[in-house]
Amino acid sequence: MRLNDHRSCFKVDNFSYEKSALSQHIFSEHLLFFGEKLKNFDFGIIKQVAPRNLDRAEDSFIFSHVLKKMETIEVQKFPLMGSNMQYDTSTRSFIERQQPPKLDTTLEKVLHLLTDPHSAKVRERHTKAVKKICDKYQNGFYLKDLGLVYKVVESLVEHMKHDEHYTSSLVQIIMLSGKSFLKEKASDDAVYGKDLTEFLVKLVKLTELPKPMVQIAVTHCIGSLYCTPVPIYNDGPQACRHELNIKAIEDSNVVKIFATELKKMEDDTVYQEILHLLLFLSLSSSNCDCLLDMDIIDVISRNMVAACGSSNSKLLQLSVEVLWNVIEYGNPLKVQDRFETPAVVRSLYSTFCHFIQKAKTKQDLQLRNDVMSVTQVLVTRCPNAPLLECGFIKILTLVSTNSEVKTTDELMNGFSMKPQNDDFELKKAAWTTLIGLAENDAMRQVMIDVGLLTALFDYVKPNDSVCSVEWTSAQYEELQLQALSSLETLSPLCLEEYMREHGNTRLIMLLEWACLDCKSRHLTHSLTTPPDKGDYGGHGNSFFGEGGYQTRRAQLRYTVRVLLAVVRTGNENVVQDLCDQGLISSLLVVLKKYKDTQVPIELSILANTLLIMSLVCDTDSHRKATFGDEGVDLLLQFLSLDSGKFSSGLGYHKLLLSAVNAIWCCVSFMNQDLFLERGGIPILLDLLERCPPSMQNLVLGALLDLTEEARAVPHVVTWRGSGQKTAVSLLIQLWRAEEQAMGVKRDRNHVMTDPATPLQGVEQLMSDVSAQALSSTPTLAILDVADNMRAKIYAMLFRIGFENLPPVSAKDQITLTLIENYLDFKVGEVWEEIIAELMLDNITPIKSDREALKEIQTIIAAKSEAVRRHQMEILERESMVELEEEQMCYQQIKFNFKQWEQQNASRINFINKTSDYETLQMSKQRQSALAEKSKQEPPGIRDTVEHSTLLKMLTTTVHSGRHINVPLSDKPSIVSPHKVLPAISPTRSNERSVVTQ
């Protein structure tokens with residue numbers, strides 16, 4: 001073989017070799033095995049010939065040695081030729097080349113080509129082979145080939161260390177790995193899942209190479225696997241599930257590798273690409289936890305501040321969004337540990353101040369609002385973040401009050417709110433953030449000092465028209481409603497500043513304005529025509545404006561809520577000032593206006609209004625008098641709501657609870673007589689009968705409070721509910737339902753089954769006295785009085801009187817016996833707990849106390865046994881009564897049956913007489929004989945002539961009266977023996993009347 005300048009004769013560009021046929025054949029058809037076929041340096045010198053005879057000697061060597069060993073290729077002669085000839089095995093001749101030869105592009109052969117030492121310097125062939133691989137696996141590699149794919153990657157990395165031209169080939173393989181891997185079997189997802197995880201870990205470690213192209217390719221590869229949906233191919237192998245790719249990325253913890261590289265990354269482009277990838281990976285809580293563990297938050301924060309100076313808006317946007325995702329999806333404890341550091345908060349503060357001073361473009365304004373949103377989320381997740389120490393609270397307050405409160409602070413130089421959406425959203429977000437921090441005294445003081453309360457009260461005024469130059473009408477309404485919502489939280493915390501801003505006056509004026517009727521604006525009105533007073537209609541935008549379109553209900557709802565928050569503080573000076581300005585009269589107007597509503601927002605307004613009334617009138621008789629007749633009438637109307645509306649979900653249950661609460665606070669002892677005259681007690685009893693079980697305790701408590709006056713008891717006694725149910729029966733029914741819910745031991749007739757525990761439920765039986773640590777803690781027997789309605793039912797029946805109760809059933813009498821002895825049983829429970837506590841504390845009473853305790857236990861046991869015996873006697877009496885009723889029923893049935901038999905026999909006899917003449921004659925004779933026997937002969941008259949009183953040829957067979965009823969139907973009717981026969985009725989219109997002479 002040739003040694004002189006041998007390799008230089010191979011032309012990769014046109015796939016040719018200019019010397020011999022064998023070399024041409026090997027180069028064209030067996031490129032991948034080139035290193036094995038041509039080992040010039042290993043063979044050494046075979047034969048020395050002159051240069052002019054070199055070709056002939058080589059051909060002779062081929063025919064004599066090589067062709068005998070080639071079994072797969074039929075070659076008889078390899079003529080000398082150029083690059084445009086190739087051998088055709090079918091015709092066994094050389095033909096002109098038409099196209100470059102097709103390479104064998106299997107992964108094993110490519111790997112062998114890349115790793116063979118004899119082909120180490122054939123870069124062009126390596127590049128071509130890699131390109132063929134990428135073309136063949138254009139839909140992705142197979143899961144089973146992951147090991148070979150990474151070996152190819154490793155080989156290309158080794159080549160790249162010596163030759164930069166291999167970078168493009170490596171990038172091609174990495175980018176192709178970003179496509180979902182293919183599977184030959186359905187089970188490949190489970191079989192090769194672990195291999196995929198290991199492959200991704202090795203692939204991501206390539207970011208350690210100082211090659212920006214490779215680093216960017218790896219980030220794109222992981223991003224494609226994580227975010228791109230899996231395609232579906234019409235034929236051929238399908239891609240693995242997208243969930244498998246996500247799970248492999250999360251299990252491999254590649255986020256940690258990227259975070260490590262991000263810390264030491266100096267190339268801004270690569271840093272930005274990795275950060276872009278982390279933006280998508282941070283949507284997973286596990287990846288966020290990895291980022292928090294790697295302490296990457298400080299790095300991102302520092303680089304975010306540095307990007308402000310370079311005006312790299314893309315990097316700023318990515319940094320803000322990554323921080324946002326980590327705060328929102330990360331572990332709360334880890335988020336607090338990382339984000340409550342002064343460095344991170346100071347970075348956010350610096351970025352926010354940068355945008356406040358220099359934001360001009362639309363993109364900068366949006367980035368500024370994003371930083372505001374991150375701060376808002378940070379406040380929610382990290383309440384102990386040093387916002388006050390870093391000056392964040394002050395700058396937020398200055399921004400939120402910019403258009404209402406003038407300031408000379410240097411931080412606000414060049415900043416002003418404009419009527420544009422970005423500034424509008426910034427103001428709302430700043431208010432929301434500050435109100436979330438208002439519970440902190442130090443932060444709240446900074447807000448007040450800067451003027452937040454003043455700015456909020458600037459919106460508490462009637463807005464009949466567009467009142468602001470800075471904002472449109474819709475924007476002003478949203479700000480007004482949010483300001484009212486903010487005052488609901490802030491006003492109770494700073495009442496002095498609230499009174500200094502004349503908050504009561506402002507709220508009363510806004511309340512009266514909101515109660516005015518809203519007239520619809522006609523379409524014929526010009527848009528430039530200012531609306532008249534009373535013509536304002538809300539826009540209904542945003543969360544706060546829900547339900548307020550073309551009305552003032554939204555303003556009214558939040559005004560009432562602010563008033564409720566202020567009144568709940570219990571500050572008598574503030575409440576008195578409100579009442580002096582006509583609060584109760586204004587609230588009565590609200591109640592009267594919406595008394596017949598079915599709108600949820602209006603029901604909420606009514607419920608809050610009644611709560612304010614209750615708080616204001618609770619301790620002051622003069623205010624109750626102001627509530628007066630009109631208030632009582634409205635209250636009775638609310639208590640008379642249809643029971644079907646309670647569970648409608650519209651808010652009727654809240655209104656009902658507020659109305660019941662108003663009975664205690666606004667009616668008792670002052671308006672009670674008026675309440676009774678208007679039928680309040682029957683209405684409350686009706687409500688007690690139909691309301692849900694969760695409300696019955698409250699309604700019964702209000703009813704019990706009203707019956708402290710003896711005049712109310714007759715109203716209770718005379719009440720009749722559904723099915724003529726009495727109040728006593730209703731209370732007994734509630735008692736049974738309460739004990740059933742508690743799990744008290746009773747049999748099917750509600751008779752006491754365990755005299756030792758006559759009142760105790762399951763929870764009380766399972767409890768232990770030792771669990772009560774403090775002696776001042778109420779025992780379970782005492783807590784039971786407040787937890788259920790039994791004590792109230794006992795008190796109610798006690799006021800009615802157990803002696804003069806209306807008749808009740810035996811079952812109700814059994815329950816009534818328990819109720820009557822409720823107080824004795826409850827006292828016994830308390831004594832039992834006292835004895836148990838003494839034993840638990842190892843305290844031995846003295847002899848007299850022991851005897852007293854023993855006597856108490858004996859009396860309690862005897863009482864329980866007596867009550868149980870009385871219940872059994874009631875049950876036996878009821879059984880006897882039922883037995884007697886049953887016997888009477890059977891007697892009635894027997895009487896009815898006998899009457900039916902007699903009537904049936906009479907009917908049969910009548911039929912026989914009318915159908916058989918002989919029977920008729922016999923009956924006539926028998927009748928005549930009976931008539932003769934019934935005659936009495938007058939004494940002293942023997943020879944007188946007697947005239948017959950019977951008419952001859954008379955066809956009747958019974959004694960005749962003045963009238964005879966003859967039915968129109970000849971078919972007799974059969975009467976059931978089980979029915980009582982009716983009395984004989986007079987002649988009806990469908991019957992004929994025959995007069996006898």
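The values are calculated or read from the model by the stated rules, or taken from the named source; none is laboratory data. Only a predicted model underlies this, so the values are computations on that prediction, with no experimental measurement involved. Positions of Cβ are generated from backbone atoms using ideal geometry, with glycine treated the same way; all protein chains shown enter the neighbour counts. Surface areas here come from the heavy atoms of the whole protein model, side chains and all, with no ligands, DNA or RNA. Shrake-Rupley method; radii C 1.70, N 1.55, O 1.52, S 1.80 Å.
Identify all residues within region 392-420 that are of a type outside the set (A, V, I, L, M) and modelled with pLDDT of 90 or more; write none if there are none.
Taking region 392-420 as the starting set, the residues that turn out to be of a type outside the set (A, V, I, L, M) are 392, 394, 397, 400-404, 406-410, 413-416, 418-420.
Matches in region 392-420: F392, K394, T397, S400, T401.
Within region 836-859, which residues are exposed (fewer than 11 other Cβ atoms within 10 Å of the Cβ) and of a type in the set (G, A, S)?
S848
Do the conditions hold for T619, that is, is it hydroxyl-bearing (S, T, Y), more than 22 Å from P692 (Cα to Cα), part of a helix (DSSP H, G or I) and out of contact with any Asp or Glu (no Cβ under 7 Å at 6 or more places or on another chain)?
On the way: hydroxyl-bearing (S, T, Y): yes; more than 22 Å from P692 (Cα to Cα): yes; part of a helix (DSSP H, G or I): no; out of contact with any Asp or Glu (no Cβ under 7 Å at 6 or more places or on another chain): yes.
For T619, the condition - hydroxyl-bearing (S, T, Y), more than 22 Å from P692 (Cα to Cα), part of a helix (DSSP H, G or I) and out of contact with any Asp or Glu (no Cβ under 7 Å at 6 or more places or on another chain) - is not met.
For region 312-327: of the residues being in a helix (DSSP H, G or I) and among the polar types (S, T, N, Q), which is farthest from R338 (Cα to Cα)?
S313
Please work out which residue is modelled with the highest pLDDT, limiting yourself to region 763-818 and to residues that are under 20 Å from D705 (Cα atoms), touching a helix residue (DSSP H, G or I) at 6+ places or on another chain (Cβ under 7 Å) and not in a helix (DSSP H, G or I).
Among them, the one singled out is M789.
I'd like the full set of residues that are assigned to a helix (DSSP H, G or I) and surrounded by fewer than 22 Cβ atoms within 10 Å (Cβ to Cβ), limited to region 328-337. Walk me through how you get there before you give the answer.
From region 328-337, those assigned to a helix (DSSP H, G or I) are 328-329, 332-337; that's our starting set.
Residues satisfying the conditions are E328, Y329, P332, L333, K334, Q336, D337.
Scanning region 652-670 for residues that are open to solvent by 20 Å² or more (accessible area, probe 1.4 Å) and within 14 Å of L703 (Cβ to Cβ), which turns out modelled with the lowest pLDDT?
Among those residues, the one meeting the criterion is W664.
Output the number of the condition that Q363 fails; it satisfies all remaining conditions of (1) crowded, with 18+ Cβ neighbours inside 10 Å; (2) part of a helix (DSSP H, G or I).
Evaluating Q363 over (1) crowded, with 18+ Cβ neighbours inside 10 Å; (2) part of a helix (DSSP H, G or I) leaves (1) as the failure.
Regarding region 177-187, can at least one residue be identified that is within 19 Å of R125 (Cβ to Cβ), out of contact with any Pro (no Cβ under 8 Å at 6 or more places or on another chain) and modelled with pLDDT of 90 or more?
no
Looking at D686, D673, D747, which one is open to solvent by 40 Å² or more (accessible area, probe 1.4 Å), in contact with a Gly (Cβ under 9 Å, 6 or more places away or on another chain) and either at pLDDT 90 or above or more than 20 Å from A781 (Cβ to Cβ) (or both)? Lay out the reasoning, then the answer.
On the way: D673 fails: in contact with a Gly (Cβ under 9 Å, 6 or more places away or on another chain); D747 fails: in contact with a Gly (Cβ under 9 Å, 6 or more places away or on another chain).
Exactly one of D686, D673, D747 is open to solvent by 40 Å² or more (accessible area, probe 1.4 Å), in contact with a Gly (Cβ under 9 Å, 6 or more places away or on another chain) and either at pLDDT 90 or above or more than 20 Å from A781 (Cβ to Cβ) (or both), namely D686.
Conditions tested, residue by residue: (1) farther than 18 Å from E198 by Cα; (2) among the β-branched types (V, I, T); (3) assigned to a helix (DSSP H, G or I).
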{"residue": "C221", "(1), (2), (3)": "no, no, yes"}
{"residue": "Y226", "(1), (2), (3)": "no, no, yes"}
{"residue": "Y233", "(1), (2), (3)": "yes, no, no"}
{"residue": "I257", "(1), (2), (3)": "no, yes, yes"}
{"residue": "E266", "(1), (2), (3)": "yes, no, no"}
{"residue": "H276", "(1), (2), (3)": "yes, no, yes"}
{"residue": "D295", "(1), (2), (3)": "yes, no, no"}
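Please work out which one of (1) over 17 Å from V110 (Cβ atoms); (2) open to solvent by 80 Å² or more (accessible area, probe 1.4 Å) is the condition D189 fails and give its number.
Looking at each condition in turn, D189 falls short on (2).
Can you tell me which residue in region 378-406 is nearest to Q445 (Cα to Cα), limited to those that are hydroxyl-bearing (S, T, Y) and not in a loop (DSSP other than H, G, I, E, B)? Before you say what the answer is, go through the steps one by one.
First pass over region 378-406, keeping only residues hydroxyl-bearing (S, T, Y): 380, 397, 400-401, 403.
Now drop any that are not not in a loop (DSSP other than H, G, I, E, B), which leaves 380, 397, 400.
Numbers: T380: 20, T397: 11, S400: 15 Å.
Step by step, filter region 378-406, then rank; the result is T397.
Within region 109-129, identify whether any single residue is over 30 Å from P231 (Cα atoms), touching a helix residue (DSSP H, G or I) at 6+ places or on another chain (Cβ under 6 Å), among the acidic types (D, E) and modelled with pLDDT under 90, and answer yes or no.
Scanning region 109-129, I find at least one residue that is over 30 Å from P231 (Cα atoms), touching a helix residue (DSSP H, G or I) at 6+ places or on another chain (Cβ under 6 Å), among the acidic types (D, E) and modelled with pLDDT under 90, so the answer is yes.
Mind listing whichever residues of region 407-423 are of a type in the set (D, E, K, R), farther than 21 Å from S373 by Cβ and part of a loop (DSSP other than H, G, I, E, B)? Reasoning before the result, please.
So the first thing to find is which residues in region 407-423 are of a type in the set (D, E, K, R), and the list is 409-410, 418, 422-423.
Cutting the leftovers down to farther than 21 Å from S373 by Cβ gives us 409-410.
Correct list: D409 only.
Report the residue count in region 424-447 for those that are touching a residue at least 12 places away in the same chain (Cβ under 8 Å) and either of a type in the set (S, T, N, Q) or outside any helix (DSSP H, G or I) (or both). Write out each step before concluding.
Step one: of region 424-447, the residues touching a residue at least 12 places away in the same chain (Cβ under 8 Å) are 424-440, 442-444, 446-447.
Next, only the ones that are either of a type in the set (S, T, N, Q) or outside any helix (DSSP H, G or I) (or both) stay: 432-433, 437-440.
Residues that pass the stated criteria total 6.
Scanning for something of a type in the set (K, R) and crowded, with 19+ Cβ neighbours inside 10 Å, does region 708-730 turn up at least one residue? Lay out the reasoning, then the answer.
Here is the first cut: in region 708-730, the ones of a type in the set (K, R) are 711, 720, 725.
Among the residues that remain, those that are also crowded, with 19+ Cβ neighbours inside 10 Å are: none.
So far as region 708-730 goes, no, none of its residues is of a type in the set (K, R) and crowded, with 19+ Cβ neighbours inside 10 Å.
Here's the yes/no breakdown for (1) surrounded by fewer than 10 Cβ atoms within 10 Å (Cβ to Cβ); (2) assigned to a loop (DSSP other than H, G, I, E, B); (3) modelled with pLDDT of 80 or more:
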position: P938; (1), (2), (3): yes, yes, no
position: I941; (1), (2), (3): yes, yes, no
position: M953; (1), (2), (3): yes, yes, no
position: V958; (1), (2), (3): no, yes, no
position: I964; (1), (2), (3): no, no, no
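Out of T207, T167, T197, report the one residue that is more than 30 Å from K121 (Cα to Cα) and of a type in the set (V, I, T). Lay out the reasoning, then the answer.
Details: T207 fails: more than 30 Å from K121 (Cα to Cα); T167 fails: more than 30 Å from K121 (Cα to Cα).
After applying the criteria, what remains is T197.
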